[in-house]
Amino acid sequence: YISDATSFEQIIWEFEQKEPGQPLFLFNVTIQNHGGYEDEDYETTVRVANASGKYPQTEQYLSLIQESDQALEYLVEYFSQQEDPVVILFFGDHWPNLEEDFLTQLLGEDSSDLSFENIMREYEVPFLIWANYPLEGQEIQQISLNYLSGLLLRSAGLQGTGYTKFVEQVRQVFPVITANGMIDKEGSYYKIGESTPYDDLLNEYAMLQYNNAFGLEGKAEGLFSIG
């Protein structure tokens, strides 16, 4: 598919079209590393060492990830030289679909019959926020995608809404909320639909989400916008 390097070159092109000082927001979805990983025309450069079997899909995926790492370095180096303040939020959404035997070794459990905790692990990916100006360093151990916009606003020095402030309060109780399940501040796991000690808070969150997406004439605009 289209390489991350090409995708990032497009980001740079978009940036260079704007007037200096003019704000720009881009949400860019890369596709280079989307499976499957059995393209015979692609040269695999990364090998899995000391493994009990052969894993060509895994090796092709890791080779692609190495290319992504190099492309991200290119993007960061470019924006580190720009005068306009720039902040980059970089994240993924789930593990790749690789050989079952490799995933079994990685997870220490039969990949065709995973525990709920390991199902959740398959959606655990790193993220980073980088800026070409000083940021307060912080390492966050657990967070889900629904909270990243709030961190991005803070890093960019932008004001949030009443809704984003409420969502940040939810994060202090449930640092992870996904379509599969949740993890609370004590590290307890809950499948979607299971009762939790914080159901009142989750119900309030659900109602606000619904109002934001489908409120129409009844939408509480002041909660979701500034001014």
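On a per residue basis, the convex hull of the C-alpha atoms belonging to region 141-227 measures out at 101 Å³.
Just to confirm a number: summing +1 for Lys and Arg and -1 for Asp and Glu over residues other than Asp184 whose beta-carbon lies under 12 angstrom from that of Asp184, what do you get? Don't skip to the answer; put the middle values down first.
Working: positive: Arg171, Lys185; negative: Glu186, Glu194, Asp199.
For residues surrounding Asp184, the net value is -1.
For the chain, a Gaussian network of Cα nodes joined below 10 Å ranks Gln209, Gln17, Gln70 by mean-square fluctuation, and the top entry is Gln17.
At q = 0.16, 0.30 Å⁻¹, work out log10 I(q)/I(0) for region 105-154 with the Debye formula, treating every Cα as an identical point scatterer and leaving solvent out; two decimals please. Treating every Cα as an identical point scatterer, log10 I(q)/I(0) equals -0.63, -1.27. Among Glu99, Glu40, Glu168, the largest mean-square fluctuation in a Gaussian network model of the chain (Cα springs under 10 Å) belongs to Glu40.
Hey, could you get me the Stokes-Einstein D for region 9-97, Kirkwood radius over alpha-carbon pairs, 4 °C and 1.567 mPa s, rounded to whole µm² s⁻¹? Present the calculation step by step, with values, prior to reporting the outcome.
Details: Rh = 15.6 Å.
D = 83 µm²/s.
For region 96-104, backbone phi angles converted through the Karplus equation (6.51, -1.76, 1.60; θ = phi - 60°) give residue-by-residue couplings of x, 8, 10, 4, 4, 5, 5, 5, 4 Hz, Gly and Pro being listed as x.
Using the alpha-carbon positions of region 24-182, Rg (one decimal) and Dmax (whole number) come out as 18.5, 53 Å. The base-10 log of I(q)/I(0) for region 64-153, evaluated at q = 0.20, 0.25 Å⁻¹, reads -1.06, -1.30 [Debye formula, identical scatterers on Cα atoms, solvent excluded].
GNM remark for the chain: springs join alpha carbons under 10 Å apart, and the peak mean-square fluctuation among Gln81, Gln138, Gln32 falls on Gln138. With a cut-off of 12 Å between beta carbons, the residues surrounding Tyr1 carry a summed charge of -3, where Lys and Arg count +1 and Asp and Glu -1.
Read the figures in this text as sums done on the coordinates, not as results from a lab. Predicted model only: the values in this text are computed from it and were never measured. Positions of Cβ are backbone-derived with ideal geometry, glycine not excepted, and every protein chain shown enters the neighbour counts.
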